[in-house]
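What follows is a short report on a single structure.
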Amino acid sequence: MSQHSTALLTPTSLERALDQNEAIQETVEQSAAELCVINAVLKQEVPEHVKTGDVAEALQKTDEIESRIQNSAGNLEQVNQALKEEIKARADLERQLASTQAELEQVQNAAQNSAPASEGERRAS
């Protein structure tokens, strides 16, 4: 198997990065969903007279953290999409390169086979 076909079968660093990012994105999305549920329960279960001072500030902070986590998950999704597009573009370029190299090799072989015999080859015949 040629070096080029082997390269097409093994995961690239971009593909490994994409796999890692997708796993991280899933974890971030799950964390945001869990935090959303926790916030909803806290807001519903904590009596209004207790939602003052530090408790009110903690509830506000968890809302802000939930929002940042959701934004981060969205950002990861955009990064993952960009990685997917880059991986596809590179794979297309690698296929084009392999095809071009194969064509070049055929042309070179045809040129060698149709080249006039050298002086030494003519004398031997």
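The values are calculated or read from the model by the stated rules, or taken from the named source; none is laboratory data. On a predicted model such as this, the values are computed, not experimentally measured, just so you know. All Cβ positions, glycine included, derive from the backbone under ideal geometry; neighbour counts span all protein chains shown. These accessible areas exclude ligands, DNA and RNA; they are computed on the full protein's heavy atoms, side chains included. Shrake-Rupley method; radii C 1.70, N 1.55, O 1.52, S 1.80 Å.
E86 - would you say it is open to solvent by 70 Å² or more (accessible area, probe 1.4 Å) and within 15 Å of E22 (Cβ to Cβ)?
Numbers: open to solvent by 70 Å² or more (accessible area, probe 1.4 Å): yes; within 15 Å of E22 (Cβ to Cβ): yes.
Spelling it out, E86 is indeed open to solvent by 70 Å² or more (accessible area, probe 1.4 Å) and within 15 Å of E22 (Cβ to Cβ).
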By residue number, the members of region 47-75 that are closer than 30 Å to E26 by Cα and outside any helix (DSSP H, G or I) are none
Whether any residue in region 17-32 is open to solvent by 90 Å² or more (accessible area, probe 1.4 Å), acidic (D, E), farther than 30 Å from T100 by Cβ and at pLDDT 90 or above is what I want to check. yes
Pairing a residue in region 18-46 that is within 24 Å of Q60 (Cα to Cα) and of a type in the set (V, I, T) with any residue that is open to solvent by less than 50 Å² (accessible area, probe 1.4 Å) and part of a helix (DSSP H, G or I), where Cβ atoms lie under 8 Å and the two sit 6 or more apart in sequence or on different chains, gives V28/I69; V28/A73; V28/L76; I38/T62; V46/L59
Would you confirm, using the coordinates I've provided, whether G74 is of a type outside the set (A, V, I, L, M) and on the phi < 0 side of the Ramachandran plot?
yes
Only one of V46, V41, V37, V79 is over 30 Å from E105 (Cα atoms), of a type in the set (V, I, T) and at pLDDT below 90, namely V46
Practice item. Take D54 and decide whether it is over 30 Å from S13 (Cα atoms), surrounded by 12 or more Cβ atoms within 10 Å (Cβ to Cβ) and out of contact with any strand residue (DSSP E or B) (no Cβ under 7 Å at 6 or more places or on another chain). Key: no
Just to be sure, is K61 open to solvent by 40 Å² or more (accessible area, probe 1.4 Å), farther than 30 Å from L14 by Cα and touching a helix residue (DSSP H, G or I) at 6+ places or on another chain (Cβ under 7 Å)?
-> no
